[in-house]
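Report on the structure given below.
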Amino acid sequence: MKKYIILFLLLPLWAFSQKALSKEEKEVRKFQKELNAEYLNPKETPLRGDNFKNFKGHPFFPFDPKYRINAKFIKSKDTQPFDLPTSSGKTKAYQEYGKATFTLDGKLYTLTLYQSLDLIKQKKYKNYLFLPFRDATNEKETYGGGKYMDLRIPEGNTIVLDFNQSYQPYCAYNAYDYNCPVVPEENKLPVEIRAGVMYQDIYHH
């Protein structure tokens, strides 16, 4: 009986010590779980051979609310389709859709958002926006070619940029089967974005 009384007394302390996850962190954990499931699924993964056999899951930066940012969104006008270079030397058709301006650590930055002219032909990607970017973690903790983020067209003049849900392109894991859009110069950030998927360069040897 004494043992159960002690356990009963300890339960509130245990419950108090368990950090309640915010809605935002739950969304990030869902993103991480789904991304790992995709890479572990032989029908969906970009990994091949030993890279697939040895894959256990992605390394991630710890969730940081600092990198979930409400940015000002301005839709671009009179933009023209253009060919965006890819890692293989080929090109893919894109069009600028808008710009997101935000403050990070007291400094102002702007990133350009794009639409893939091939993807938007599919109904499920009609509202899809593509954000490729580079930052000061590239070639150290993340892929040298930069990272990507998937977004949806916002209804108003703000858009949430959750860098905790940024990821490496497929060609970071398999340069033979995939060609990935190269990050435009205008989307190179001079700061570290320590959020999202980390990267270990073990796939190109």
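The values are calculated or read from the model by the stated rules, or taken from the named source; none is laboratory data. Note that the structure is predicted; figures quoted are calculated from it, not measured. Here the Cβ positions follow ideal geometry from the backbone for every residue, glycine too, while neighbour counts run over all protein chains shown. We work out accessible area using only protein heavy atoms, side chains counted, and drop any ligands, DNA or RNA first. Shrake-Rupley method; radii C 1.70, N 1.55, O 1.52, S 1.80 Å.
Calculated from DSSP H runs of 4 or more alone, at -39500 (n - 2.57) each and per residue, what is the 222 nm mean residue ellipticity of the chain, nearest 500?
-6000 deg cm²/dmol
Per residue, how much accessible surface does the range 80-146 expose to a 1.4 Å probe? Answer in Å², no decimals.
So the range 80-146 comes to 53 Å² accessible per residue, rounded to a whole number.
Keeping all protein chains in place and using 1.4 angstrom, which order do MET198, MET149 fall into by accessible surface area, from largest down?
Correct descending sequence by accessible area is MET198, MET149.
Of the peptides 85-91, 183-189, how do they stack up when ordered by the mean number of other Cβ atoms within 10 Å, highest first?
Ranked from most to least packed, the peptides come out as 183-189, 85-91.
For the range 63-75, in order, what is each residue's ³J(HN,Hα) by Karplus, 6.51 cos²θ - 1.76 cosθ + 1.60 with θ = phi - 60°, in whole Hz (x at glycine and Pro)?
4, 9, x, 4, 9, 9, 10, 8, 9, 6, 10, 10, 6
Going by the alpha-carbon gyration tensor, a ≥ b ≥ c the square roots of its eigenvalues, is the range 104-151 rounded (a/c under 1.5) or, if a/c is not under 1.5, prolate (a/b greater than b/c) versus oblate?
Verdict is oblate for the range 104-151.
Is there a pair in LYS90/LYS123; LYS56/LYS123; LYS77/LYS99; LYS30/LYS66; LYS23/LYS121 whose C-alpha atoms are over 22 Å apart, and which pairs would that be?
LYS90/LYS123; LYS56/LYS123; LYS23/LYS121
Take the solvent-accessible surface of the protein heavy atoms, probe 1.4 Å, and return the percent of it on the chain that carbon and sulfur atoms account for.
54
Hey, which aspartates and glutamates would be in cross-link range of LYS53, C-alpha to C-alpha under 17 Å, not counting anything within fewer than 8 residues on its own chain?
Output for LYS53: GLU38, GLU44, ASP201.
Which whole-number percent gives the relative contact order of the chain, counting Cα pairs below 8 Å spaced six or more residues apart?
This gives 23 percent for the chain.
Would you grab the residues whose amide H sits under 5 Å from the one on MET198? Only those 5+ places off in sequence or on another chain, please, with H modelled 1.01 Å from N.
Amide H to amide H, under 5 Å and 5 or more residues apart or across chains, MET198 pairs with PHE60, PHE61.
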